[in-house]
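Comments concern the structure below.
A short reminder: the numbers here are calculations on the coordinates, not readings from a lab. The structure presented is a predicted model; accordingly, all values stated were derived computationally and were not measured. Cβ coordinates were reconstructed from backbone atoms using ideal geometry, including for glycine residues, and neighbour counts include every protein chain displayed.
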């Protein structure tokens, strides 16, 4: 998956929904990606039912957390490895 600024990650919405359609643990609107030129990529949990974790730590809803290369982002029960490429 490639990052899209402002994109919703979820089972029912966003450009990544096709990855999560059959996974009932992933909320319809689970999390949101953001990119800031000064600080890079971040993730925010959007009050998901089964939580979002970053490197095993549970994210609080509506609290933006920075993403770094090599981080493990967990959307409900799906682990994703973060790869940040500089272009």
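Structure values in brief
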item	result
Spacing of the two label points (7 Å from each Cα toward its C-beta) at residue 5 and residue 35, in nm	0.7 nm
Debye intensity ratio I(q)/I(0), log10, the chain, q values 0.11, 0.14, 0.24 Å⁻¹ (C-alpha model)	-0.25, -0.41, -1.28
MRE, 222 nm, helices only [DSSP H, n ≥ 4, -39500 (n - 2.57), over the chain, to nearest 500]	-500 deg cm²/dmol
Fewest-first ranking of 8, 78, using other Cβ atoms within 10 Å as the exposure measure	78, 8
Residue exposure sequence - 45, 69 - by fewest surrounding Cβ within 10 Å	69, 45
Among 35-44, 50-59, the order from most to least packed when residues are scored by Cβ within 10 Å on average	50-59, 35-44
Considering only the chain, percent of DSSP beta bridges that pair antiparallel, nearest 5	95 percent
Simple spin-label estimate for residue 58 and residue 24 in nanometres, 7 Å along Cα-Cβ	2.2 nm
